[in-house]
Amino acid sequence: MMNFSRYNIVKMQKEARSLPAKIRSLVFVFLLRVFVVFLAMCVIIGSYSAFGGYLGIISKSPDIEGVFESNKDFEKYSTFLFYSNGEKMEKELSSAGANRIKADIRTIPEGVRNCFVAMEDERFYEHSGIDVRGIFRAAYSVFKERSLDYGASTITQQLLKNLVFKGGKESSPIDKIIRKVQEQYLAVQLEYRLDKDTILEYYLNTINLGNGAYGIEKAAQVYFGKSASELTISEAAVLAPIAWSPTLANPLKDQDKNSRRRKDCLKNLYENGFCTEEEYLIALADSEDVYLRIQEQNQTKLDSTNTYNSYFVDALINQVIADLKTAGYSSNEAYDMLYSGGLQIYTTQDQEIQAIVDSYFTNEANFPAVGKGSYYQLSERYALSLVSTSGIAAHYHLKDFINYFKDYKDTRKIYYHERGKGNTGISSYTLDKDDLEDKLDEFIEAMKQAFRTAHPGEEFNVQESRSISLQPQCAMVIINPATGEVVAQYGGRGEKVGNRVLDRASGTYRQAGSTFKVVASFLPALDAAGFTLASTFDDSYYIYPGTVNTTVDNWYSDEFRGLQPIREGIYNSLNIVAVRCIEKVGPRTSVDYLQKLGFKHIVTDNNKTNDYNYSIALGGLTTGCSVLEMTGAYSAIANQGVYVEPRYYTYVLDHDGKLLLNNDMHYTQVMKTSTAYLLTSAMIDTTTIGTGTKCRFQSLNIPVAGKTGTAHDNVDLWFVGFTPYYCAAIWSGYDDNLPQTDNNYYRVMWRNVMEDVHKIKGCEPKQFVRPSSIVSATVCTKCGKLAVPGVCDKTPDGSCMRTEIFAKGTVPYETCTCHEKVTMCKDSGCRATEYCPNTEERVYLIKVETELAKEHGGTKDTKYIMTPEEDKECPLHTEAPTPTPSPSPDPTVTPPEP
Ligand SMILES: [Zn+2]
Ligand SMILES: [Zn+2]
C-alpha cells in the first residue's frame, strides 16, 4: 500500500528529482570500474612487457661461466723491451691489467681491504650483489639531476663492469641502461657462487689504480715500493679514491683532489666501524707524510714510465705486429701477445744515441724561431662536437673556426697567416699561440651558445680535438749500415703528445727531391749502364721529351754549366745532368734498383700514373718515400753495396723465454762494391766542396759522405749522409706542404747530432774502405776519356785534366776527343796558315750545342767552342809573303858590259 504521508511524498519527490543524479552516479561508478580495470590491465600488460623486456635483457647477459672459475684473467703479463746493449727499458707494453701481480686476500690487511669497501660500497658485507638503498638514492639523483652517471654500483657490480663489460664504456644511454640491468642481474648470480672474500679478492686484484698499476699489489709497488701486505690504512686510503677515477684522483697528478677523497675515505672507514678511533687518528696524522713517500718513490720513475711510447717504440710495435702476422697469427692474437703476452723484445735502439737525438728534437733552439721560419699551426684535423644527452649533435671543423673569425681576419684583428700557395685546403698559422687558444675558446663558447639557442633545455657534452704544433716539422732516423739496425728515430719536432701519433720518420711519405739523383740515376748509371764518375752530361737547356715546355731547372738559375761529369752531378746536385743520365739508363732500370734499395712505394702499375718517368731522377714520386726508407737505401751505399732491411728488433722471446721471432738480417748485394765506393767518394765532395758543406764534421776527423735534397720550392728538405760508422737522414717540411724559408737548420742539426753520436760512441778517426777493385786514371773532365797532357790541361779555363777513380775494367781506353789544340793567327783570330807571322796555340772544345740550347744562352762551354769565324783559315796570310825586293840597282853604276 502506498504511503502518501507528507514525509513519504517529500521523500519520493526527492527521490524522483534525484533520479538523474543516481543514474549519473551509477555511470560514474561504472566508468570508474572500467578505468580501474583498464589501469590494472595496463599495469599487468605493462609489467609483463617490462618484465619481458627485462627477461630479454638479462637473457642476453654475457656468460660469466669461466671468467671467475680459473685464474685465466690473471695470466696477463707486460711485454718488456730491451735496448741494444741488453739493458731493460723503463717502458713496458701492457694492456689494461697486463702487468698485474696477484695478491692473496688473506695477505691483505683487513684495514686496507676495508678502505676500498668504505669508499666504494659500505654495505658490501650486507647486500647480495645489489644495494637497494643505493639504488633508491641513485634513482632520486637521476630525477633530480637528470644524470645517468649515477653511482650506486656495488663492488660486485664494479668487478663485473671491469672484467665482463670491458669497463662499461657504452656510448649510448640505452646501451648503458642495458648494461646496468645485466650487471645487476649478474651481480646477484655471482654472489650466489662466490663468497664475499673471493669477490673482494678479484676486485682488488683487477682494479685500475692509475699509473699503469692494475691491482692492489702492483699499485703498492708503484706508489710505495712495497707489497700490498705491508700497506697501512693511511696508504690504502690514498689508493681507494684512485679506483673512483684513475685520472682525476691520481695522487701523482692531483694530490689535492686525492687528499680530499682520502679524508672522506678515512671518515667512512671510521664511521662504519671498519677501524678504531686510534687507527683513524694515526692515519689522519699521516696525511702529509704519505704523499711525500709517494713522491720519493716516484721521483725517478715519473719521467720514464707511463709516458707515451717513443717514436721508436711505435715503429717497433708496427714491425713486431707485422712479423707476428707473417708468422701466422691473426691481428688480434698479435696485439694480445704484444700487450699482454709477457714477451721480451730485444730492440736495436741505442739508448745513448736516442738520448742525443731526443735532446736535439725537444730543444726548440735547434729549430727556426717562431716568426723566423716557424709558425704555430692548428691541425687540419681540428674537430669540435656538441652532443646532447638525447643524441642531438653538432660538429665543427677547421673551416668553421676560420669562417667564424673571417671578419676579424679581414680587419686584421686576428693575427693569422694563411700561407696557402695554390693550396686548396685551409691552412691556419699564427705566431701567437695564446691568441689562437683564446680564439678557439671564444669559438667554442659561441658554438655552445648557438646550440643552447637552437635546442633549449638540452644538456650537452663538448668534445674538442685541438692540436697545435710548430711547423716546419722535422724527422730523423739513424741506422747502423752494417747491421740494418735502427739505432735511433724521431718522428716529429718537439715533445711527443700521444701514442701512435703521426710519425714522420717511418709513417709518412714525402717527395725525395735531389737525394734521389744518386739512387735513381747515378747509381744505376755506374752499376749497370757502363758509365763512370768521369762520364759527362750536358748541363744545357732541357725540356722533358714529349712536353712542350716542361723544363728541368737547376738550383742556380743564372747559367748552364755545360759538360759536367757525374761526380759534379752528385756533389753539386745538378738536375739536368741527372735527368740526361737517367734518359740513358732508362727509368725501368732505375726503378729496379730503387725497389731493391727498399723503397716500397714506387708505383709500377702500368695502368696508373706510375714512376717510370725521367723526373724520378729528381725524386718526383707518385707517392713518396719515408725518412726510414731513405736512410735504409743510403745505408746500402755505406755498407759496400749491401742493402740490409732496416730492423727495430733482433729477436723476441715469449713468456717462457722461448724464441718467438728471430729477426735475422735480410740482406742483398744491390750494387757492386766498387759502385758503392765511387758514389761514396763523390758524396764526400758534397760535404767538402759541394752543396752540403754544413754537414761536414767540425771537430772529428771522420769523413761524411752525403747528399742534399730539395723538392719543389723548399717544400721538402733533406740531408742524408753517412760515415764509416752510421747513416742518417733528416727531413724538414710543413705537414701540409708549404714552402720553407730556412733551408739550413736541419743540416746543422744533422751534423750536431751525428758529431755527438760519434763522440759518445768513441768512434776513432777512420776512412772509408777503398776496395781493391778501384783503380785511378787521369781523365779529361769534358769527355771523360783519358786526358792528353799538353792539351786537356791547357784549356783557357784552367785545366780539364784530373785524376779520377774507376772500377777496374771501366777505365776509358780512348784519349780525349773533345779538345783540339789549334794554332791561331794572332792578327786575324783565325786558324793560322803556314804564312801567319804571329801565332799562338789555343785549346778548343769540340762540342755541338743544339739550337735550343743556343736560344737559351748556351752554356759556360760556349765560349770555348771554336766559332765559325775562328774556324776559317787566316785571310790575311794566304800565301808566302812577297820576298822583300832587293835594293834597286844603283843607276850610277853602269852594268858591266856583256
Ligand atoms: Zn780533353
Ligand atoms: Zn794570319
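Structure values in brief
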quantity	calculated
Under Karplus coefficients 6.51, -1.76 and 1.60, residue-wise ³J(HN,Hα) of the stretch 727-744 in Hz, glycine/proline x	10, 8, 10, 10, 10, 9, x, 7, 4, 10, 6, 9, x, 9, 9, 9, 10, 10
Under-5 Å amide H pairs with VAL822, H placed in peptide plane, nonlocal only	ARG842, VAL843, TYR844
Positive-end residue, the stretch 487-641 charge dipole about Cα centroid, Cβ charges, pick of VAL497, SER626, THR515	VAL497
Residues with amide H under 5 Å from that of GLU92, placed H, sequence gap 5 or more	ASN306
Residue-normalised accessible area of the chain, expressed per residue, 1.4 Å probe, Å²	50
Within the chain, helix-based [θ] at 222 nm, where runs of 4 or more DSSP H residues each add -39,500 (n - 2.57), nearest 500	-11500 deg cm²/dmol
Considering only the chain, percent of DSSP beta bridges that pair antiparallel, nearest 5	90
Carbon and sulfur %, accessible surface of the chain computed with the full protein complex present, 1.4 Å	51
Cut-off under 5 Å, modelled amide H: who pairs with VAL603 long-range	ASP611, THR622, THR623
Degrees between helix 233-244 axis and first principal axis of the chain (Cα, 0 to 90, nearest 10)	80
Gyration tensor verdict on the stretch 457-558 (Cα atoms; rounded if a/c is under 1.5, prolate if a/b is larger than b/c, oblate otherwise)	oblate
Vicinal HN-Hα couplings computed from phi for the stretch 282-298 (Karplus, 6.51 cos²θ - 1.76 cosθ + 1.60; Hz; Gly/Pro x)	4, 5, 4, 5, 8, 4, 9, 4, 4, 6, 4, 5, 5, 4, 4, 4, 9
Estimated dipole of the chain in Debye, rounded to 20 [Cβ of Lys and Arg +1, of Asp and Glu -1, Cα centre]	3500
Over the chain, relative contact order from alpha-carbon pairs under 8 Å, at least 6 apart, %	10
Listed residue pairs exceeding 20 Å between alpha carbons, taken from LYS166/LYS196; LYS794/LYS863; LYS782/LYS847; LYS91/LYS218	LYS166/LYS196
Gain on full stretching of the segment that runs from THR803 to ASP558 - 0.36 nm per residue minus C-alpha separation	85.3 nm
Magnitude of the charge dipole, the stretch 639-723, Cβ model with Lys/Arg +1 and Asp/Glu -1, debye to 20	320
Leading residue at positive end of dipole, the chain (Cβ point charges), from SER229, VAL644, CYS836	SER229
In Hz, Karplus ³J(HN,Hα) per residue of the stretch 220-225 (6.51, -1.76, 1.60; θ = phi - 60°; x = Gly, Pro)	4, 6, 5, 8, 10, x
Overall form of the stretch 622-776 per C-alpha gyration tensor (a/c, 1.5; a/b vs b/c)	oblate
Shape call, the stretch 321-395: gyration tensor on alpha carbons, a/c limit 1.5	oblate
Lys/Arg +1, Asp/Glu -1 at C-beta; the chain dipole; positive extreme among THR693, PRO868, TYR396	TYR396
Between 0 and 90°, nearest 10: helix 255-271 axis offset from the chain longest Cα axis	20
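The values are calculated or read from the model by the stated rules, or taken from the named source; none is laboratory data. In this text, all values refer to a predicted model and were calculated from it rather than measured experimentally. Note: ideal-geometry Cβ built from the backbone for every residue, glycine included; neighbour counts use all protein chains shown. For the accessible areas, the whole protein counts, side chains as well, though only heavy atoms, and no ligand, DNA or RNA atoms are used. Shrake-Rupley method; radii C 1.70, N 1.55, O 1.52, S 1.80 Å.
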